[in-house]
1. Could you list all residues from the stretch 182-232 that are among the polar types (S, T, N, Q) and either more than 22 Å from the chain's Cα centre (by Cα) or open to solvent by 20 Å² or more (accessible area, probe 1.4 Å) (or both)?
2. Being hydrophobic (A, V, I, L, M, F, W, C) and open to solvent by less than 40 Å² (accessible area, probe 1.4 Å) is the filter; apply it to the stretch 64-83 and report the residue that is farthest from the chain's Cα centre (by Cα).
3. Just to be sure I understand the filter: pairs with C-beta atoms under 8 Å, separated by 6 or more residues or on different chains, first member in the stretch 100-115 and in a loop (DSSP other than H, G, I, E, B), second member surrounded by fewer than 16 Cβ atoms within 10 Å (Cβ to Cβ) and of a type in the set (A, V, I, L, M, F, W, C). Which pairs pass?
4. Does the stretch 178-197 include one or more residues that are at pLDDT 95 or above and not β-branched (Val, Ile, Thr)?
5. Please go through (1) modelled with pLDDT of 95 or more; (2) of a type in the set (S, T, N, Q); (3) surrounded by 15 or more Cβ atoms within 10 Å (Cβ to Cβ) for Ser260 and return the number of the only condition it doesn't satisfy.
6. Can you name every residue in the stretch 152-177 that is modelled with pLDDT under 95 and among the hydroxyl-bearing types (Ser, Thr, Tyr)?
7. For the stretch 329-359, name all the residues that are in contact (Cβ under 8 Å) with a residue 24 or more places away in the chain, out of contact with any Pro (no Cβ under 9 Å at 6 or more places or on another chain) and open to solvent by 50 Å² or more (accessible area, probe 1.4 Å).
Amino acid sequence: MWRPLATATACTLAVLCSASLAAASHSLPPGPRAAKRWNSAGQFPRRSSSSDEEFCSFNASYPRQYIAYRAQPGEKLPTIDGNLDEPFWEKVGWSQSFVGITSADITPKYETRMKMRWSADTLYVAAWMEEPNVWANITQEQKQLTHTGNDFEFFVDSAGSTHGYKQVDVNAAGTVWGIALTKSYLDGGWENSSRVLGGAGWGLPGAAVAVAVQGSLNRPHDTDVGWSVEMGLPAGLLVQGSGGPLPAPGRTWRINASRSQPRPAKGRTGGGWSAWQAMGEVSMHRPERWGFLQFAAGAVNGTSEARDGSWGARAVAVAAVAAEEQARAATGAFQPDPRQLAQFAGDARVVDGTCGEVHVTLSPNDSHAFSLTVTT
């Protein structure tokens with residue numbers, strides 16, 4: 001799993017892989033698989049003329065980070081009704097504008113931003129979406145919102161392990177859907193949700209989610225301003241089954257959010273996907289590419305961004321796993337010697353020990369699995 005085991009200056013990260021980026025319980029299907037992996041900037045680290053120190057900082061690929069401030073003693077918590085005009089929200093800043101899901105160089109047609117705060121037991125999320133024609137056509141909780149209608153989607157990996165992460169979707173009609181994943185679908189992950197298990201599936205007990213439309217819903221012949229989302233998500237629910245920590249000052253979670261506008265109805269505008277942190281492809285299910293949520297206490301807007309100390313080891317691990325995937329696609333087998341990965345890496349420095357010590361152990365029981373440890 002992604003587990004920082006030491007300090008920011010000496011970080012060890014262990015990754016158990018079935019060609020995935022964290023502890024895996026499923027193996028790759030037989031035969032080589034040509035795989036593409038991006039770092040958070042949407043590309044492999046490539047050979048450059050930068051110094052080793054500069055390259056190995058991975059500063060250029062550090063993802064977006066948002067600082068969430070704890071509710072102050074005596075501060076009135078928000079009424080979860082979709083309206084974001086309460087002091088609780090007004091005193092904190094918006095995130096950066098969402099970008100194209102495939103690239104931060106793409107500017108979506110309509111603006112999307114979000115805010116987050118927290119209390120001892122709740123993560124609060126607010127989002128606003130510009131939309132001249134607000135529409136939503138999914139009204140049953142059991143139906144999947146993703147890919148079939150406009151919605152806002154929020155993702156949490158509290159452990160930073162890419163395992164046991166959660167997804168909460170809501171559309172402009174107020175239809176809410178929650179799922180928990182053992183790991184990414186793309187790495188053979190299993191979904192726990194009402195879609196798979198009916199009433200026994202993972203849900204959102206104790207959560208409060210609401211929307212407010214600034215205009216009208218499903219009336220294409222008038223012009224709307226947009227719609228907003230407000231969530232109060234129990235922290236215990238978000239860390240459930242992941243081994244992740246509850247919110248506390250100085251801690252970080254991996255998060256992302258997206259806006260889905262895949263199939264605008266006749267007479268409506270829009271279409272496409274955007275995300276807070278660009279993913280490099282049309283998929284949110286690569287938690288290793290998400291941004292960071294930094295928890296802070298004290299005076300609102302009084303904390304500086306603190307880079308996650310495990311980032312260097314994470315970046316090396318992402319690149320090393322990508323190189324292993326490329327090696328298997330080319331040779332039919334994973335490589336136990338990191339030095340043999342150099343020809344498959346975008347920049348040899350990520351696997352030759354320059355940026356960190358990489359150890360690979362092939363599984364004795366499964367030729368399609370390996371463990372990888374990075375120490376920086």
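1. If the condition is that a residue be among the polar types (S, T, N, Q) and either more than 22 Å from the chain's Cα centre (by Cα) or open to solvent by 20 Å² or more (accessible area, probe 1.4 Å) (or both), then Thr182, Asn192, Gln214, Ser216, Asn218, Thr223 are the ones that fit.
2. Once the filter is applied, the top-ranked residue is Ala71.
3. Listed pairs, sorted by first residue: Ile101/Val282; Thr102/Val282.
4. yes
5. (1)
6. Ser161, Thr162, Thr175 - these are the residues of the stretch 152-177 that are modelled with pLDDT under 95 and among the hydroxyl-bearing types (Ser, Thr, Tyr).
7. Across the stretch 329-359, the qualifying residues are Pro336, Thr354.
Residue by residue, here is whether (1) more than 19 Å from Phe370 (Cα to Cα); (2) in a helix (DSSP H, G or I) holds:
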| residue | (1), (2) |
| --- | --- |
| Ser283 | yes, no |
| Phe292 | yes, no |
| Asn301 | yes, no |
| Ser304 | yes, no |
| Gly309 | yes, no |
| Val318 | no, yes |
| Ala322 | no, yes |
| Ala327 | no, yes |
| Gln335 | no, no |
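The values are calculated or read from the model by the stated rules, or taken from the named source; none is laboratory data. For clarity, every value in this text was computed on a predicted model and none was experimentally measured. No Cβ is skipped: glycine too gets one built from the backbone with ideal geometry, and neighbour counts run over all protein chains shown. Please note that ligands, DNA and RNA were not included when accessible areas were found on the heavy atoms of the full protein model with its side chains. Shrake-Rupley method; radii C 1.70, N 1.55, O 1.52, S 1.80 Å.
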